[in-house]
Amino acid sequence: MSIRPPEPADPHGGFGDMEEVEDVLLEGDRAFAPGTARSAWSHAPFRTIYLGAFASNIGTWMQNVVLGALAYDLTGSGVFVGIVTAAQLGPLLLLSLVGGALADAVDRKRLLVTLSVTQGLLSLALAAVALDVSPNRVLLVAVVLAIGCANALYAPTFSAVIPILVPRRDLAGAISLNSVQMNASRVVGPAIGSLIFANAGASFVFLLNGISYAAVIVALTRVPLPEPPSTGTQGLHRLLEGIRYARAHREVGQVILVIFIFSLLALPFITQMPTLADENLGLAAKSEAYGLLYAAFGLGAVSGALSVGTLFAGRDKARLTRIGLVVFAVLLAGFSLLRAAPPAYPVIFAVGAAYFTVITSLSTVLQEHLDDGVRGKVMALWIMGFGGTVPFGGLAGGWIAERTSITTMVLVGAAVAATLAAVFDLRRSPADVAATAEAA
């Protein structure tokens, strides 16, 4: 069956009318259940962007893991590693609002292609800097900071594009699959990057990452993207529109608050994983056993993300978020109390699964409540919470661990997750349900 190219997106995030959507959902004589990962995968525009982003993200994670290793090799200083990490991730907290405003104001395809080209060229510049046996550290940090700034503008726009590649009914499946590629690239990229770093050096890793941007650039040029609807706001008002929207819509505001608190206070165990493995499990950070432990966590995250679009496709995502937070809290507390390596592997796999079940469900709840005219600006707040808090959460976690113990730090994170589950109710309010029914 031939499938026509998708028509421009409707205001609710889908392509064309519902008859065309039904056509796209069919493969032969078989229809996929709406909202599942398989149904989302059946849409050609989504598949194209997904595969391009996956290839590019593998390159990005190759570069990320090698950057930290290079920084430590050059100086032997944890402080310099922290500076490089801050240059890499700090812009997410500072510039995401600007990226979100751009995402809802300009041609998204042109913006994404421009920023992808920029990041690719900067990665090639990073490869040139790293060619020197003793690269200039100031120049190294400056190039990393420039890449971080470009990514902070890119991320909200890309997050705003994913939902308009599928009909709204398949949004959960699309977000689930996008979470899978994000986590799979975090597993595959570091494994490949570490191998290349050991045999060919950091410069070659950065070169390959620069080339990998071609995959997402080609994908973007092949998919039509509708222009964002105009909201009529300008200047500072446009910049702050996402914050106003979150304050005016209870569920959106609560999701943003949950992701900020969860990332800042419940996830520092991720950055402190080497310390936890060494002190509690007797696993050296440079050992194969530790690499397998982190891989188990990453594979668990992939499984959790995929479960939202498969096993839990028909479940209410607000309720699933709440259950996931409770399960995550219990598993994380259990992991912190382990003192032997063998049981740690299945437990950290389960922690990773619960972790990204929460993240994927939470993201789905958020996207379901957004109008396309503000999607980029609100997703900028999500990225600030999910990515921009990482350096600060790691610092807070290290501070707690130094003054108490690594176990106490992890237990604090578990307690925070349990508290979030008890305090926040992300289900749609009666007024919101009534408004949706009236609009329909």
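The values are calculated or read from the model by the stated rules, or taken from the named source; none is laboratory data. Values in this document were obtained by computation on a predicted structure and should not be read as measured data. Note that we place each Cβ from the backbone using ideal geometry, even for glycine, and neighbour counts take in every protein chain shown.
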Meets criteria (within 22 Å of ALA417 (Cα to Cα), without any contact (Cβ under 8 Å) to a residue 24 or more places away in the chain and not in a loop (DSSP other than H, G, I, E, B)) for PRO346: no
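Test GLY242 against the stated conditions and say whether it is in contact with a Gly (Cβ under 7 Å, 6 or more places away or on another chain) and modelled with pLDDT of 75 or more.
yes
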Under 9 Å between Cβ atoms, at least 6 apart or on separate chains: pull out the pairs that start in the stretch 362-382 with a residue that is among the polar types (S, T, N, Q) and end on any residue that is not in a helix (DSSP H, G or I). GLN367/GLY13
PRO135: passes all of (1) crowded, with 18+ Cβ neighbours inside 10 Å; (2) of a type outside the set (A, V, I, L, M, F, W, C); (3) assigned to a helix (DSSP H, G or I) but (3)
Test for PHE15: is it buried (at least 20 other Cβ atoms within 10 Å of the Cβ) and either modelled with pLDDT of 85 or more or of a type outside the set (Lys, Arg) (or both): yes
Picking from ALA128, ALA146, ALA152, the residue that is outside any loop (DSSP other than H, G, I, E, B) and either in contact with a Pro (Cβ under 7 Å, 6 or more places away or on another chain) or among the basic types (Lys, Arg) (or both) would be ALA152
Does the stretch 323-333 contain any residue that is touching a residue at least 24 places away in the same chain (Cβ under 8 Å), in the same structural domain as PHE260 (by TED's automatic domain parsing) and under 15 Å from the mean Cα position of the chain (by Cα)? no
For the stretch 180-226, give me the residue count where each residue is of a type in the set (Lys, Arg) and under 21 Å from LEU67 (Cβ atoms). 1
Of all residues in the stretch 114-172 being of a type in the set (D, E, K, R) and more than 30 Å from GLY314 (Cα to Cα), the one that is modelled with the highest pLDDT: ARG137
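Of all residues being assigned to a loop (DSSP other than H, G, I, E, B) and among the hydrophobic types (A, V, I, L, M, F, W, C) in the stretch 276-295, which is nearest to GLY68 (Cα to Cα)? Just the residue, please.
Within the stretch 276-295, the first condition is being assigned to a loop (DSSP other than H, G, I, E, B), and the residues that meet it are 282-287.
Retained after the next criterion (residues that are among the hydrophobic types (A, V, I, L, M, F, W, C)): 283-285.
Details: LEU283: 20, ALA284: 17, ALA285: 13 Å.
Out of the qualifying residues, it is ALA285.
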So, first residue touching a residue at least 24 places away in the same chain (Cβ under 8 Å) and closer than 20 Å to ALA354 by Cα in the stretch 272-296, second residue among the β-branched types (Val, Ile, Thr) and part of a helix (DSSP H, G or I), Cβ within less than 7 Å, six or more apart or across chains; the pairs are GLN272/ILE406; LEU276/ILE406; LEU276/VAL410; LEU293/ILE348; ALA295/VAL187; ALA296/ILE348
Among the residues in the stretch 39-50, are any surrounded by 15 or more Cβ atoms within 10 Å (Cβ to Cβ), modelled with pLDDT of 90 or more and closer than 30 Å to THR271 by Cα? yes
GLY173 meets each of (1) of a type outside the set (Lys, Arg); (2) surrounded by fewer than 24 Cβ atoms within 10 Å (Cβ to Cβ); (3) within 14 Å of GLN367 (Cβ to Cβ) with one exception, condition (2)
Report whether or not PRO163 is farther than 30 Å from SER42 by Cβ, part of a helix (DSSP H, G or I) and in the same structural domain as MET62 (by TED's automatic domain parsing). no
Of the residues ILE83, ILE58, only one is out of contact with any Leu (no Cβ under 6 Å at 6 or more places or on another chain), within 24 Å of LEU165 (Cα to Cα), of a type outside the set (Gly, Ala, Ser) and in a helix (DSSP H, G or I); which? ILE58
